Every structure is written in structure tokens, then in C-alpha cells.
Amino acid sequence: MKKTLAKNYLVIIFTLFIGLLLVSTSCKQVPDEFAASDKYRLVWNSNPETSVTVGWDQLQTSEVEVFFGLQDWGRKYWKYDKSIKPSAGNQKYGMNTQFASLDDLQSGMNYYFVIKDDFGVSERYWFKTAPSEPEAFTFIAGGDTKSSGLPLEAGRATSKMVSKLRPLFVIFNGDFNSGSGLDSLSWQRWLKDWQQLTFTEDGRIIPILPIHGNHENGDKGNLNYIFNSPYHNNDSSSIYYSTTIGGNLVHLIALNSEIETGGAQKDWLEEDLKKNNDCTFKIAGYHKPFRPHYSGKRENDLLYSQWVWLFDQYGLDISIDADSHIHKITYPVRPDTLSVDADMGFVRDDEKGTMYIGEGSWGASPRKTDDDKSWTLASGSFNQVKWIHVFPDESETPAYLEIFTVKTASYDADGNQTLYVEDVEALNEENLFDIPENITLFEDDIFGKSVRYPFYLNNK
């Protein structure tokens, strides 16, 4: 009898304990206060199918943690099934930059997260991991922003276009600010703008793949400080890397034209191209063009000699550059220094050539396009980015890229600026491949509003 009574008491106590626990959990309130952090960014710097790096500026010293998962719990941080503390950081440019690596993620999924510290909880944000199998997606490529005046406003308009188009990711081809990359206020302004303008209204953050430009040369480790970009052999100045999306659909190579382009980087490039030779599309991004389409920029003969033959040998499909502050797209070309048909070291080759697109002007003042080549398909002087649609093989349709040039700002003869972003329809997750209403696309007389690669598809 006593044993039975004791057992019953234990059951009652246990039941009361569980009940109190459930009540305590259900009554838990999200704090009104927000985390003491800002300048959030997401970076793809390893395998985007299973990981992403979250970066932010921690405004006050605190214990801090990122809570994340596949289910959207809003700011209820305790309901997310995973959490991680920052594993890297630095005290550069007046910021306490923190990085947390979210690993072991599922590919092709939506993840939601908040950042919690001793002062509160951030807004809820979300992102997409890259697919691990061939799957259609879009991305944006561009470069060159400035820190003041009309160029700053043009850059802001272009960044806002990112939130309108909702690409899977952005390749930023260098020159984030004016100067040499050492000004604290310029970096802080750029990161604040990135958060305020590229994040979508529903809190989606678009990951960035950053590339080093000449305006980062004041400290060759800048991209590591700002984006935790990987470097080689314990040398923070040697920032170049690659990643693959969609199984073997697209291989992306982020090169560095501002350091030694031969030697270790050239050896790495050849090995990387060789290892990923079976990818459907191979795309390289870097800052300085081989053959600028603005006469005020010198020809980059050394850069040409170090990389172009590898591009040709391993069948690079698309090269994306910046620096000159113009729009440029070429026919497919291959290197040739001997043929009578060669122009500046290239001949047109529609079957096996590489298409070169660029040359910057995300926000920087557009320059004249006064140095076109015989193999130039189109060029123009305005602020712009490339919006690239990627499609895998489907039944009788081969895999292809469709390249749009999105105008974001232009200037009249008196220097008056016109921006082209406010009236653009914002896409949603259901219509990511639609051409939004009121968008301004560059239109070529021959090929229209887009160019396809492989190039023969333009004839259909």
C-alpha cells in the first residue's frame, strides 16, 4: 500500500513538473529589444550547397549566438533547432566584425535565422542554400561602387535592384568604395546600404561572392576582414577561390587580378579548371579586364598572357570583369596572336570561344565606350549589372545561359542622373525568371534584350 502511494505521488510530482515546464515554455516571450548588431551579410565562401557564412557588426560587447533552422519561428529564437556561436572576427574599420559558419545544411532549402545577444534578438532573416542537382536559377554580376555623390546614389539604385530581382546570389567584381579600401566610414556605409537595399521585404538575404579590386589594394586582406573570404597558405593577401552550384552545372572561379597572377595563383587556376573540367558551365570573375573597352584604361598584356590560354585550354565559358565603368559583352572569342584576323590577341569563335562580359559600373560614373574591338558584340555607357539566367538540360533543350544587361542609371549631356529602379516590379519566389514590369534592359539591334550561350542558340 505504501509503495503504491509513493508511486502515485511520484507520478503526480512528475506530471506537475512537466506541466510547469510546458507552461513556462509556452509563456516565454520574445524580447521587445533588438540585438545590438547590424550590417548583416551572407557570404558564400566554401560549399554553398551545405554552408553559408553570416557576418555582422557587433555594436556592443556581448555573448552572441545565431539560431537557425528549416522552420520559420520568427524571432522566437528558442524554437529553432540549431544554434552556433561566432568562430571568427576582427576589429577593423571601426567595427567589431563577427562571422558564424552555418554548416551541414540541406541543399536547395530555405533556412531562417536570428541573431541573439545580451541586448535582444534581431529581425528574422532567411536565405536559400544552393541546389546540389542541376536546377534553374538566376544570379547577378557587377562591380565598382563609389562612396559619395551621384555615383553613390547610382550604386544604391543598383543594390536595390538586387532585392527586386531576388537572384540566388551576387558576384561582386571588386571596387566596393572610393580610395584604397582603408576608410572606415566608407566600409560602414557600404555594408549598411547592402543590408538596407539588397534584403527583400520578406527578409530574404542574397549571398555575395566578393572579388578583390584595385580600390581594395590599401590592404590586400580586406575581403577576409569584411567577408571572411578564404586565402591560401596563411597569406591573407592571396584571396582567390572557387565553388560549384547544382552538382556540376556551374563552376564559379573568383580570381584576383591585383596580386601576382602567375606563380601560385596560375598553378591553382590550372588545377582548379582541370579538376572541374566536366562542369557544364565554367565562369570566372576578376576585376581588371584583359582588353578594356575604354581607351583611358591600359591593355593588360601580362594578365592576358597568364590566364587566357588556360581559359581556352579548359573551355571557360564566361569571363566577368569590371574596372572600366561601362557595359561590355563580346562574341565568343579565343586567343590568337598569329592570325591575320586577330584583333588585340583574339579571334571570334562562336563554337568554342569564351564570352567576356563586364566592365563594372554598379555605381561608379560611366565612362566612354571608345575602344570597341572587331569581336565586340555590344557596349554602352551607363550604370548596369548582368542578370544571368541559368538553365540545365531539359528533354530536347540543351543547358544554356541567358544574359540580360539591366540598366540602373544614366546621365544626360548636362550630367543629370536618371535612376531606373523605383517603378520596377518586385519579383517573388514563384516568378523568378519573369521579366519584371518597368525594368530597363539594354537592347541590341541584332540580338534584342538578351544574349544566349552557347552562342548558336541566338540563331533560333
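Quick look at the numbers
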quantity	calculated
Charge sum, other residues only, whose C-beta stays under 11 Å from ASP117's C-beta, Lys/Arg counted +1 and Asp/Glu -1	-2
Relative contact order of the chain, pairs being alpha-carbon contacts under 8 Å that are 6 or more residues apart, as %	14 percent
Cβ charges +1 (Lys, Arg) and -1 (Asp, Glu), total dipole of the range 137-459, debye	620 debye
Between the range 135-177 and the range 50-114, the Cα center-to-center distance that results, in Å	23 Å
Local electrostatic count, GLY108, Cβ distance below 12 Å [Lys/Arg +1, Asp/Glu -1]	-2
Length gained when the stretch GLU63-SER236 is fully extended (0.36 nm per residue, less Cα-Cα span)	59.5 nm
Across LYS192/LYS368; LYS82/LYS160; LYS220/LYS368; LYS164/LYS449, pairs whose alpha-carbon gap is larger than 20 Å	LYS192/LYS368; LYS82/LYS160; LYS220/LYS368
Count of Lys pairs (Cα-Cα under 17 Å; at least 8 positions apart or interchain) in the range 281-359	4
For the chain, share of DSSP beta bridges that run antiparallel, in % to the nearest 5	80 percent
Between the range 338-392 and the range 417-432, the Cα center-to-center distance that results, in Å	25 Å
Extended-chain gain in nm, criterion 0.36 nm per residue less alpha-carbon gap, ALA413 and GLN313	31.6 nm
13 Å beta-carbon shell around ASP301, net charge (K/R +1, D/E -1)	+3
Positive-pole candidate from THR405, PRO86, TRP375, dipole of the chain, charges at beta carbon	PRO86
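FYI, it's all coordinate maths here, none of it is from the lab. Just so you know, these numbers come straight off a predicted model, no measurement behind them. Methodologically, a virtual Cβ is constructed for each residue, glycine included, from the backbone with ideal geometry; neighbour enumeration extends over all protein chains shown.
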